[in-house]
Structures are given as structure tokens and as C-alpha cells.
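First comes the structure, then the notes that go with it.
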Amino acid sequence: MNTDLPDFEKRLSAVTLRPVPDEWRAGILAAAGRASLTASNQKGKRDPRQRVTSFFYSLLWPHPRAWAALACLWVVIAVLNLSGPKGDALLANTAPLPHRTAEALLADLDRLISRNRLLVWEENVIPDKSKL
């Protein structure tokens with residue numbers, strides 16, 4: 001341990017504090033004002049990368065877990081998008097529709113027409129189905 005410290009403290013407590021002379025005080029305050037102006041000017045002239053970093057930091061900081069989850073989701077979407085077939089390969093994998101003959105299409109049309117007639121007939125014969 002340093003035994004000189006208590007002696008130093010005793011001598012320091014014996015020293016009386018004098019007020020700062022007015023001309024010194026004015027000079028000190030003027031220098032502090034100039035320093036604060038240069039600091040504020042330097043703040044506006046920051047490196048553009050530092051400004052962008054500061055912007056993203058202030059944007060992302062309130063909810064970092066939510067932004068991390070969103071980033072993970074985008075990574076998963078990108079991986080799934082890049083891992084699948086692309087363009088013509090995707091179209092080639094789809095099965096072509098079967099070719100139907102004109103007779104089969106006319107038969108389907110006849111069935112739809114007869115079904116429509118049946119529905120119209122039911123509405124005319126039984127106007128209120130809630131009474132049944």
C-alpha cells in the first residue's frame with residue numbers, strides 16, 4: 001500500500017480553493033464554445049457509411065429479434081426459390097391435359113344442359129323449399 005496517500009490528502013485538504021479569474025473564465029468558455037461548434041460541424045460531415053450504419057442501427061435496434069426472424073424468413077424463401085426447377089423445366093414437369101374428342105365435349109354439354117333444366121324445373125314445381 002502507498003503510505004504517502006494520507007499525507008497527500010492532508011495537504012490537499014489544507015489548500016484553499018481560489019476563484020478562477022474573470023479573464024480566464026471568459027477564455028475557457030470561449031474555447032469550450034468553439035470546441036462544441038467544431039464537434040457539431042464534424043457531426044454533419046461524417047462519413048456516408050457511418051451515417052447509413054447509424055440509420056440502420058436506429059431502425060433495427062428497437063426490435064432486433066423481430067428483424068432477425070424476418071431475415072431468417074427471407075433466407076428460407078431465397079433457398080426454396082433457388083432450389084426448385086426453373087423456367088422451362090418447371091413447365092416440362094407438368095402433365096399435359098388429355099385431348100378430348102368433340103363427341104365427349106358435346107356429351108358433357110348435353111349433361112350440363114339437362115342438369116340446368118332439372119334445376120329450373122325444381123324451382124318452378126317447388127317454389128318454397130322450406131315448406132317441405
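The values are calculated or read from the model by the stated rules, or taken from the named source; none is laboratory data. The shown structure was predicted, so the numbers you read here are calculated from the model rather than taken from an experiment. Virtual Cβ from ideal backbone geometry, glycine too; neighbours counted across all protein chains shown. Heads up: the accessible areas ignore ligands, DNA and RNA and are worked out on the full protein's heavy atoms, side chains in. Shrake-Rupley method; radii C 1.70, N 1.55, O 1.52, S 1.80 Å.
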Heavy-atom accessible area with a 1.4 angstrom probe orders 99, 63, most exposed first, as 99, 63
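How do 25, 49 stack up against each other in accessible area, from largest to smallest, with a 1.4 angstrom probe? Could you put the intermediate results ahead of the total?
Numbers: 25 140, 49 175 Å².
Largest accessible area first, the residues go 49, 25.
FRET efficiency for residue 67 and residue 29, Cβ-Cβ distance as r, R0 = 35 Å, nearest 0.05? Walk me through the numbers on the way to the answer.
Working: r = 45 Å, r/R0 = 1.27.
Calculated transfer efficiency: 0.20.
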Please work out how much accessible surface residue 101 shows to a 1.4 Å probe, ignoring ligands, DNA and RNA, in Å² rounded to 10. 80 Å²
Gain on full stretching of the segment that runs from residue 116 to residue 103 - 0.36 nm per residue minus C-alpha separation: 2.7 nm
